[in-house]
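Notes follow once the structure below has been shown.
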Amino acid sequence: MSVSLPNGSLVAIASGYGTVKTMSDISNADPGVATLEIGHGIVLNDIFEVTSAWSRLTNKIVKAGTPTGSPANDVPLVGIDTTSTSIYPAAGGAGTIREITGWTQLSQILESTSNGGEQQFLTYQFLEGDAQLRIPTFKNASGLTFKIADDPTLAGYLLVAEANDDRLPRAVRITLPSGSVIYYQAYLSLNRTPSLTINELMAVEVTLSLLAEPVRYA
């Protein structure tokens, strides 16, 4: 049995991106291997955003394995198992990748909550049956909310404000005290109106609307 506290976790938002690179194919393997354009520049442990025709993969933030091939344009997607052709149809994962080149910390976080993601079901009953049955259908949209101390001069605050205004998704990285790292792709929203509660720090809320399931690396 193992338990842990989140104390000391660091949250950062992508603040720099490379150019978009073509991804012509992804293999059905564990991990899946992406075939990138020649001269892609991706090296071991680079982090990049994936846009793919595979709905279960698109919008995920992924770490690169060691490129192989001649030229070395076959890049393993570390931690991404694409062996199931029912979920990842063969030869159907083409798209693009975009390397993340910089991160900015979102500091002075006071509270963190998660919301959504609840499994929904189709409930049914046969005429001859005496009990209902159910099939899982979809999960509710999910997100995270951070309450941060109000300081509009901080780099993290300014980056969130920019993302709130341009409505473009950003990668988000949470580094846990254990060394594990969780990556999200999300739309960021900022409520610029600070709380005004006596004897409590003024704070604003940052909301992350997640676009895909997180990717976690131990």
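The values are calculated or read from the model by the stated rules, or taken from the named source; none is laboratory data. Given the structure is predicted, the values throughout are model-derived calculations rather than measurements. So basically every Cβ, Gly included, is an ideal-geometry build from the backbone, and we count neighbours across all protein chains shown. Each accessible area value is taken on the protein alone, full model and side chains, heavy atoms only, with ligands, DNA and RNA left out. Shrake-Rupley method; radii C 1.70, N 1.55, O 1.52, S 1.80 Å.
Where strands (runs of 3 or more DSSP E) fall entirely within segment 50-156, those with at least 2 residues that are basic (Lys, Arg) are at 133-139.
Select, from ALA186, ALA141, ALA203, ALA155, the only residue that is in contact with an Asp or Glu (Cβ under 6 Å, 6 or more places away or on another chain) and aliphatic (A, V, I, L, M).
ALA203
Inside segment 1-25, can you point out the residues that are open to solvent by 80 Å² or more (accessible area, probe 1.4 Å), within 30 Å of VAL160 (Cα to Cα) and not polar (S, T, N, Q)?
Within segment 1-25, LEU5, PRO6, LEU10, VAL20 meet the criteria.
Looking only at segment 1-49, how many residues end up being more than 23 Å from SER70 (Cα to Cα), part of a loop (DSSP other than H, G, I, E, B) and in contact (Cβ under 8 Å) with a residue 60 or more places away in the chain? Adding up the residues that qualify gives 6.
A residue that is in a strand (DSSP E or B), open to solvent by 30 Å² or more (accessible area, probe 1.4 Å) and in contact (Cβ under 8 Å) with a residue 40 or more places away in the chain occurs nowhere in segment 162-169. Whenever a residue of segment 108-121 is at negative phi, its partners that are open to solvent by 70 Å² or more (accessible area, probe 1.4 Å) and of a type in the set (Lys, Arg), lying with C-beta atoms within less than 6 angstrom and at least six residues away or across chains, give the pairs GLN119/LYS139; PHE121/ARG134.
Which residues, taken from segment 93-109, are of a type outside the set (S, T, N, Q) and open to solvent by 30 Å² or more (accessible area, probe 1.4 Å)? ALA94, ARG98, GLU99, TRP103, ILE109 - these are the residues of segment 93-109 that are of a type outside the set (S, T, N, Q) and open to solvent by 30 Å² or more (accessible area, probe 1.4 Å).
A quick yes/no check of all residues on (1) open to solvent by 40 Å² or more (accessible area, probe 1.4 Å); (2) aliphatic (A, V, I, L, M); (3) closer than 23 Å to SER15 by Cα; (4) free of Cβ contacts under 8 Å to residues at least 40 places away in the same chain:
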{"residue": "ILE182", "(1), (2), (3), (4)": "no, yes, yes, yes"}
{"residue": "TYR187", "(1), (2), (3), (4)": "yes, no, yes, yes"}
{"residue": "LEU190", "(1), (2), (3), (4)": "no, yes, yes, yes"}
{"residue": "THR197", "(1), (2), (3), (4)": "yes, no, no, yes"}
{"residue": "LEU201", "(1), (2), (3), (4)": "yes, yes, no, no"}
{"residue": "VAL206", "(1), (2), (3), (4)": "no, yes, yes, no"}
{"residue": "VAL215", "(1), (2), (3), (4)": "no, yes, yes, no"}
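Residues that are open to solvent by 20 Å² or more (accessible area, probe 1.4 Å) and in contact with a Gly (Cβ under 7 Å, 6 or more places away or on another chain) within segment 26-40 comprise just one, PRO31.
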